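All of the numbers you see were taken from the coordinates with simple rules; none came from a lab. Being a predicted model, the structure only gives us computed values, none of them experimental. Note that each Cβ is placed from the backbone with ideal geometry, even for glycine, and that neighbours are counted across all protein chains shown.
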Amino acid sequence: MSTGKDFTASCPIPIAEYPEVTMAHGGGGTLMHDLINRMMLSVFTAPGLLTRHDGAVLDPPEGRLAFTTDSHVITPIFFPGGDIGALSVYGTINDLAMCGAKPLWLSAGFILEEGFPMEDLWRVVSSMADAASIASVSIVTGDTKVVDRGKGDGIYINTAGIGAVPDGVDIGPHRILPGDVVIISGDIGRHGISIMAVREGMDLHIPVESDLAPLHHLSAALLDEGLDVHCMRDLTRGGLASGLNEMAAASDSTICIVEDLIPIREEVLGACEILGFDPLYVANEGRFALVLPEDQVERALAILREQGSAQACRIGSVRPLNSAPVIMRSAIGSERIVDMLSGEQLPRIC
Amino acid sequence: MKYVSEYRNREAAERYVEELHKITTRNWNIMEVCGGQTHSILKYGIDRLIPDAVELIHGPGCPVCVTPVGLIDKAISIASDDSVIFCSFGDMMRVPGSQRDLLSVKAAGGDVRMVYSPLDAVRIANENPEREVVFFAVGFETTAPVTAAAVLRADALGLSNFSMLAAHVLVPPAIEAVLSSPGCRIQGFLAAGHVCSVMGYTEYEPLAEKYKVPIVVTGFEPLDILEGLHMCVTQLEKGTYRVENQYHRSVTRGGNQDAVALINRVFRPSDRKWRGIGEIPGSGLEFTEDYSSFDASVRFGVEEMSVEEPSECISGLVLTGERKPDQCPAFGEACTPQHPLGAPMVSTEGACAAYFRYRRTT
């Protein structure tokens, strides 16, 4: 997701002055205030933030609150299809959206490593501001710390988010029932592969962009239309397989999916073949699985497609608990379990 | 995906399965040699589609799995040296040595890096002249040419800070070890297609003749395996024992002579211990005199340690096909991918990992 900004031209901290983050930028003195006032506050313009108080004081919205937090540590910080800034905003918004909440406010905590290029910080901060604006959320409070060189990985961002859950909305694995249908919002595996492709040491030129995107408009459209959404799960770390396993385990049911129905791009499939990865376990940042009653499937698909998720489709259904939480009918017609991954997928030898 | 999805076609698979049912008149035990084939079989449930009379026995074809504990301990000892950047393929990182694995060395501050090619390790050595860079060369004949090419590249660059812990293994001696073991009940083999892409399959002809077993060089996709099984069962039913090639799109009888020449320039066969199996004559590769300066064992003076395998782990029996992974008392209990007792539970090619991943029931 490109922000379309000319970063270098508009960085409010003159590069010549401090080309890199120094320990003093986290020291609480003039330089830190300079960083906050000139850079952060030039793009994060929530009224609460501009009062420069110790915290944000907010009016409670109607309904109940959803509250989540997510820390973002990614290498490389700029990747095809996004960067750590947009990721830190959409990651938290998407967690709220999966609770059926309308995202409202975010906090942003930066941990910067001494020596981190100021220009890169500006790109990240600008990207966060753009993402927040696209998702109509406000970054209302924040914090910046600097750690010694060698004690961080350039930049870490933690965001926490608060959203409002409309009355009557109850979404979670406890509502999953046998007979429900599982829908996926689009093709899987692009984020993980886009990161692998540009990671140091990988000479694979795979034309894959991350699927990084906000999901709140999709969940809102489903709920606004009055669909009885039983559960939603964004398919981030651990991919589709982990998301389905978590939902199945928490609902004491078995989710059965059909391999041929799962949308995966050719490039992603090819990269997975080379690396020995299973695309079911590869991370996404803009995809979710949706569980709802059979009689609402067509409406749900129509809504998702109308909102731009052209590849949204049905991939399986929920059955009473069977031999394993997740079972998949393979391309050649037999069934196998789809297990939770024990650790990270490791590229194989041959 | 071209060249892949054609080989996962359901209708074609059903036709092979139907044919197999038609031609099979009695019980046959067939070993698929390669761990990649084992994973395909379990992943696609091929063993559940074919006749019950055809039993698939999973072979020792997982290079990570057969690397002895003593050699992994040696790797861990070298990787723990502060002067060393230790480079390894990903699936070697979690294989347990006698005390710990390479990931634990990394966590404790060792500079252990996951690489995708031995040539990456050479690049790292070139970029870090002040550090010793060691590559853990694990694999069958398939990856041996690239390993050899990396040595030649390092030699051409004049790198004195690059070395390798050579842990390559060769398939034909292992097949012979399985066939000559007392009580061997294997009647036919699916040979590993990728190994034969490099080596060809002339080496298998004397084995088929001597032990009167059909050997079918087979690929890794579901249709490859079904076709390989069909060819093997056809021979068994007829009582013939030839070497046949199912994997035409990649393998020729003579193999890739350039690749073989690379291997032979840098390495020569040596006796080699296999984890869980024991020593197999002529089943490993060691450096030839000309390139012995690249031998990390010599450079770091680390002796191979003799280490006991965990007594609960029956990986030796699994690797020789005498037991199925789920017949091990530790399977899924004391031994899981989180806490592996043996390498077959770690590697993406290990039979125990395949059973755990695709077959374990709750």
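Tabulated results
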{"item": "Separation of alpha-carbon centers, segment B:26-56 and segment B:161-234, rounded to whole Å", "result": "15 Å"}
{"item": "Interchain or long-range residues, amide H under 5 Å from A:Glu335's placed H", "result": "A:Ser330"}
{"item": "Formal net charge of residues neighbouring B:Arg357 (Cβ-Cβ distance under 11 Å; K, R +1; D, E -1)", "result": "+2"}
{"item": "Rg and Dmax of segment B:56-213, Cα atoms only, in Å", "result": "18.0, 55"}
{"item": "For segment A:113-214, alpha-carbon Rg relative to the globular expectation (2.2 N^0.38 Å, N residues)", "result": "1.50"}
{"item": "Taking the convex hull of Cα positions in chain A, its mean projected area over all directions (nm²)", "result": "18.8 nm²"}
{"item": "Loop trypsin sites (Lys or Arg not before Pro), segment B:249-282, which have at most 14 other Cβ atoms in a 10 Å radius of their Cβ (DSSP)", "result": "B:Arg249, B:Arg253"}
{"item": "Selection of trypsin sites (Lys or Arg not before Pro), segment A:234-331, meeting DSSP coil and at most 16 other Cβ within 10 Å", "result": "A:Arg237"}
{"item": "Estimated translational D of segment A:192-300 in µm²/s (Stokes, Kirkwood radius over Cα pairs; 37 °C; 0.692 mPa s)", "result": "212 µm²/s"}
{"item": "Total formal charge among the other residues, if their Cβ is under 12 angstrom from that of B:Thr24, Lys/Arg +1 and Asp/Glu -1", "result": "-3"}
{"item": "Spatially proximal aspartates and glutamates relative to B:Lys324 (Cα-Cα < 17 Å; intrachain offsets below 8 disregarded)", "result": "B:Glu32, B:Asp47, B:Asp52, B:Glu55, B:Glu312, B:Glu333, B:Glu349"}
{"item": "Spatially proximal lysines relative to B:Lys2 (Cα-Cα < 21 Å; intrachain offsets below 8 disregarded)", "result": "B:Lys43"}
{"item": "Loop-located GluC sites (Glu not before Pro) in segment A:233-329, at most 15 other Cβ atoms within 10 Å (DSSP)", "result": "none"}
{"item": "Cα centroid of segment A:85-163 to Cα centroid of segment B:260-305, whole Å", "result": "51 Å"}
{"item": "Calculated Rg and Dmax of segment A:7-165 using C-alpha coordinates, Å", "result": "15.3, 49"}
{"item": "Proximal lysines relative to B:Lys238, as straight alpha-carbon distance under 22 Å, when same-chain residues fewer than 8 apart are discounted", "result": "B:Lys22, B:Lys210, B:Lys212"}
{"item": "Rg/Rg_ref, chain B, where Rg_ref = 2.2 N^0.38 Å and atoms are Cα", "result": "0.99"}
{"item": "Cysteines, chain B, no other Cys beta-carbon under 4.7 Å", "result": "B:Cys34, B:Cys87, B:Cys184, B:Cys196, B:Cys232, B:Cys313, B:Cys328, B:Cys335, B:Cys352"}
{"item": "Exercise: per-residue mean of other protein chain Cβ atoms within 10 Å, A:321-333", "result": "5"}
{"item": "Translational D in µm²/s for segment B:1-112 (Stokes-Einstein at 37 °C, 0.692 mPa s, Kirkwood Rh from C-alpha pairs)", "result": "190 µm²/s"}
{"item": "The protein assembly as shown: C-alpha pair distances exceeding 47 Å, %", "result": "26 percent"}
{"item": "Dimensions (Å) - segment B:126-250, Cα atoms, principal axes, largest first", "result": "63, 34, 22"}
{"item": "Degrees between helix B:144-156 axis and first principal axis of chain B (Cα, 0 to 90, nearest 10)", "result": "20 degrees"}
{"item": "Segment B:315-359: radius of gyration over Cα atoms, expressed as a fraction of 2.2 N^0.38 Å", "result": "0.96"}
